Amino acid sequence: MRFPGMLKASAVLTLTATLAACGGGAPEAPATDAASGPHELDGATHDELVELAVEEGTVTVYSFTSRIASVEAEFEAAYPGIDLIGHDISSSEQITRLLAEAQAGTPSADVAYISDAPVVITELVAGGILQNYVPQRVAETVPEEYREPLLANRLSTKILMYNEDAHPDGTPVENLWQLTEEEWNGRVVMVDPGVRGDYLDLVTEIVRRSDAMAEAHLDLFGSEVVLDDGVENAGQQFIKDLYANGLVLVDDTDNVNAAVGATGQDDPPVGFTSYSDRRDNEEEGWALQASLETAPSPGITFPAYIGMVNGSGSPAASRLVADFLMGDDSETGGAAFDPFYVPGDYPVRTDMTAPEGAVSLEELSAWDIDPEETAQIRDDVSDFLLTL
Amino acid sequence: MTTAPAPRRTTVGRTAARVRTTLRQPTVVLGAGTLLVLAVLVVAPLAGLVNTTLMDGNREAWTDVFASPMSENLLWRPMSNSVLLGTATAVGSTVIGGFLAWVVVMTRIPGRGVLGLLATIPFALPSFALALAWESVFRNDLIGGSTGILVNLGIGVPDWLAWGPVPIAATLTAHYFSLSFMLIAAALASVNGDLMEAAELTGASTLRVARDIALPVVAPAVVSGALLAFAEGVSNFVTPALLGLPVRFHTLSTRLYGAISTGDVSRGYVLSIVLILVAAMIMYASTRITGGRRSFATITGKGGRRRGIELGVWGRPVAAAAWVLVTFTTVVPGLVLVLSSLTRRTNDFASGLTLHYWIGDSDPALAQGQRGILNNPQILQATWNTVLLGVTVAVCAGVLGLLVSYVITRSNGPRWLPGTLGVVSFVPFLIPGIALGAAFIAQFGAPIGPLPSLYGTFAILVLAGVAATIPFSVRSGTSALSQVSRDVEESAVLAGAGLFRRIGAVIAPLTARGLFTGGVLVFVQMVRDLSLVVLLATPAMPVLAVLTYQYSSENFTQSANAVTVVIAVISVSATILARRFEGAAQPWNSNS
């Protein structure tokens, strides 16, 4: 049981495009020009940045994880003249806040460390509120999809997990379509994708990968998928069948973890959650394990972005923070990256090794979301869910 | 309307004359003034909401909601669920709150002072504490994971009792009956003892006295309480999400929050406009039903002392019922909350208890090295900010609320004025807090003429707080004011007192009890509410609710719960202090 998410949800209902409530008056144009060209400091050397950044003195970072506190300490040790002010703010709240601040012409952050990729790309980057900066040092080692349109430093997951206490010989689910069969009726748990964006991204990806889903259907049942009326593809049909098979929707990820992971259950459910939550197994008494061999894929990976806030008063220090968040040149990223070096999360840099205790990204074989393509069909998928 | 139309010139002349007369009435001027303030605080943000849904590219949100294959799941079913929950919460809260208010104020049951205090606490507890308390008893194996006490004892719990409308309505009622209790108790306390004694002397039974004397007198408070409970019932998100989603039970609020959090803001706003309209209709209907009844002025300046009702053989059962009610709505959820801040593993009461999350030093093995909350200087700063904010908003909203409710109850100017004020002052309740917060940033975030940007200041928190809590202060002000007889005020007029003098020197002291009640409601609401302040409170100015949110979103559940306990303690202390204070302010009610 848990209630963290309750506050989360209740409170921060995560607004997004809040340009909205523009106080009845005409909304003012964002104070800054839309996605203009590269910033003058984008080509500056590290030493030039440090010199300017010390003059700027402070840099404010919005971060979707509290681990920014450790980053703050490390950053200030590395750059004694610069005060990093880190604020722990959820992604959806950051989006609302950055939009409202841009609209009011009072940006109060310099750097945004943020997930919720489809909305960030379509609302913040396209709207010119966040700008991209790729430190030259890492330009070679970060694959292009994590350099453009915004730099990412690591990937997180939403994948199928099972209870390894009850299934010591590996995953009981070899094919996602099994979840639509009687055996798993009422025993699949996930957060309601109608309430939480990252789960909507997961469902959207399943629809986007309809061909793979169709193939997996053929593998398991030896027959082609038969589409119901109003269903356009195999992905949608899977979602529809999953819902019809008593899929249990809850409000929060921890609810999924506790339901799937709690030890001592005779017949525990399976559910979609974060691979990295395995690190809480011992502390919480769970037996969560990733369902690795599930075809066509156990779930999705998605990026954690580093964005430069347009109109920031500390452009040099912001760029130093981005550089810092990418980790040092060692295999583990060093002290700078340490807070993010968690099994089940994956650094994007090709010259870093993934943390011990979780399988490699290749072995995980999760689908990596494409934020722009996801954003295109996300609303349609959300509408489809509303008809179920 | 059926008379022959008068010549045009005369009509205009008459209208002009009427305007001149009207303008000379101070209540009209006051009404216009307060309406202007409310226009800035309430109407403008609301217009912003509507405006957004009408912008290019957002308009299809209306057809999506009202006329698409999704309408059934997005609008109609959630709407009927919301109305059902709101009604159940209003009825349940009125019955329970009214019963407890009667026990505490009118009877001589031992320990009624403590009862009265405990009955105000559920409102100060977070909704999830009550939902969690329900789950810890009734949770069945639908989701998986751990089960509640009953199932563990081998007693099967059907889904309808563990999930869906029944548990949601029950927990919402347990949460919001405090509102009805506080308002009705304040009204009952001002019932004229002479009337009751007169009735008893004529041989009326206790029940008859309650029904024929007390009930009509407290009617405005009952209606106010029911309306607040209704509005809270339809707008609460936490409880339906926790107890409803597993059986796919959606309400307008879960759909609204879902739409907004998955990035479809305009659809969310359309739903919130629907929510506002539905509640406005219910409110209109209820005032039509009760509006025909003259309100009963009970504070006449001649009041007598009351004595408690003797219950005879009914004493024990009534006392037992009252104690059971407060035990299950206050003591049990309170204990659940405190214990869950002490558990070593999240909400696992068998995992052992620890004070680490309260007073521990940083330990990397627990909660990623977060210190115990009492060991954290940020908490102290946030506590101070929170209390200051609560008090400031309570005072400002109290003054504005008193003025608005004075116009509503006393205006003899144009008929539409009190009605408009009543509706406008109720609306903020139904605007999702975060939308209101965003609207305030948009409205006051940029400099307006010579006024500087208020973004990140304490002032913007106060302004938004007043806007968000004005329904509380107006409702409690109205129910308190409608009990003050006009003859009291007329004597003041004869003595030459002007409008503001009368409000300050006569009305305010006489309605102190009701106003304090409203003030406490506002304070508690501000201290515990997160959705409004989450955007407005910049990280440089932390408040407790935001810290709870941060802890919980990082899954530091115990720390989050510990901060929640601090919030509850502040709220409860405020309630206790206010009761002492109001006792001193109204010596003629000291026997209550």
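Residues B:142, B:100: which one is hydrophobic (A, V, I, L, M, F, W, C) and modelled with pLDDT of 90 or more?
B:100 is the lone residue from the list that is hydrophobic (A, V, I, L, M, F, W, C) and modelled with pLDDT of 90 or more.
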Q) In segment B:378-408, what residues are polar (S, T, N, Q) and closer than 13 Å to residue B:503 by Cα? A) B:405
**Q.** Residue list for segment B:33-79, filter: assigned to a helix (DSSP H, G or I), of a type in the set (Gly, Ala, Ser) and surrounded by 15 or more Cβ atoms within 10 Å (Cβ to Cβ)
**A.** B:44, B:47, B:48, B:61, B:71
Q: Among the numbered conditions (1) at pLDDT 95 or above; (2) in a loop (DSSP other than H, G, I, E, B), tell me where residue A:225 comes up short.
A: (1)
Q: Sort out which residues of segment A:235-255 are in a helix (DSSP H, G or I) and either facing another protein chain (nearest Cβ under 9 Å) or of a type in the set (S, T, N, Q) (or both), and write them in order of number.
A: A:236, A:237, A:243, A:253, A:254, A:255
Q) Within segment A:259-274, how many residues are more than 17 Å from residue A:294 (Cα to Cα) and of a type in the set (A, V, I, L, M, F, W, C)? A) 2
Q: Mind listing just one residue for me: the one in segment B:319-353 that is in contact with a Leu (Cβ under 6 Å, 6 or more places away or on another chain), modelled with pLDDT of 85 or more and among the hydrophobic types (A, V, I, L, M, F, W, C) and, of those, farthest from residue B:373 (Cα to Cα)?
A: B:322
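Rundown of residues vs (1) in a helix (DSSP H, G or I); (2) within 13 Å of chain A (Cβ to nearest Cβ); (3) surrounded by fewer than 22 Cβ atoms within 10 Å (Cβ to Cβ); (4) at negative phi, yes/no style:
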| site | (1), (2), (3), (4) |
| --- | --- |
| B:203 | no, no, yes, no |
| B:210 | yes, no, yes, yes |
| B:221 | yes, no, no, yes |
| B:226 | yes, no, no, yes |
| B:229 | yes, no, no, yes |
| B:243 | yes, yes, no, yes |
| B:246 | yes, yes, no, yes |
| B:257 | yes, yes, no, yes |
Q. Residues in segment A:42-62 that are modelled with pLDDT of 90 or more and under 16 Å from residue A:110 (Cα atoms): how many?
A. 13
Q | Qualifying position, being of a type outside the set (Lys, Arg) and touching a helix residue (DSSP H, G or I) at 6+ places or on another chain (Cβ under 6 Å), among B:220, B:246 | A | B:220
Q | So residue A:138, is it in a helix (DSSP H, G or I) and within 29 Å of residue A:288 (Cβ to Cβ) | A | no
Q: Could you grab me the full set of residues in segment A:141-170 that are in a loop (DSSP other than H, G, I, E, B), within 24 Å of the chain's Cα centre (by Cα) and of a type outside the set (Asp, Glu)?
A: A:141, A:142, A:143, A:147, A:149, A:150
Q: Look through segment B:131-166, keep the residues that are in a loop (DSSP other than H, G, I, E, B), among the hydrophobic types (A, V, I, L, M, F, W, C) and within 11 Å of chain A (Cβ to nearest Cβ), and return whichever of them is farthest from residue A:271 (Cα to Cα).
A: B:163
Q. Can you tell me which residue in segment A:133-187 is modelled with the lowest pLDDT, limited to those that are among the hydroxyl-bearing types (Ser, Thr, Tyr) and within 21 Å of residue A:264 (Cβ to Cβ)?
A. A:171
Q.
If I go through segment B:452-473 residue by residue, how many of them are more than 11 Å from the chain's Cα centre (by Cα) and either within 13 Å of chain A (Cβ to nearest Cβ) or surrounded by 24 or more Cβ atoms within 10 Å (Cβ to Cβ) (or both)?
A. 13
(Q) Go through (1) of a type outside the set (S, T, N, Q); (2) part of a helix (DSSP H, G or I); (3) closer than 20 Å to residue B:160 by Cα for residue B:250 and report which single condition fails. (A) (2)
(Q) I need the full set of residues from segment B:197-229 which are of a type in the set (Ser, Thr, Tyr) and either assigned by TED's automatic domain parsing to the domain that holds residue B:518 or touching a Ser or Thr at 6+ places or on another chain (Cβ under 8 Å) (or both), in order please. (A) B:224
Q: Please work out which residue is farthest from the other protein chains (Cβ to nearest Cβ), limiting yourself to segment A:256-298 and to residues that are among the acidic types (Asp, Glu) and in a loop (DSSP other than H, G, I, E, B).
A: A:293
Q: Name the single residue, out of those in segment A:90-116 being facing chain B (nearest Cβ under 7 Å) and of a type in the set (A, V, I, L, M), that is surrounded by the most Cβ atoms within 10 Å (Cβ to Cβ).
A: A:100
Q: Scan (1) more than 9 Å from chain B (Cβ to nearest Cβ); (2) within 26 Å of residue A:361 (Cα to Cα); (3) surrounded by fewer than 22 Cβ atoms within 10 Å (Cβ to Cβ) for the single condition residue A:206 breaks and write down its number.
A: (3)
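The values are calculated or read from the model by the stated rules, or taken from the named source; none is laboratory data. Note that the structure is a prediction, hence the values are computed from the model and not measured. Note: ideal-geometry Cβ built from the backbone for every residue, glycine included; neighbour counts use all protein chains shown.
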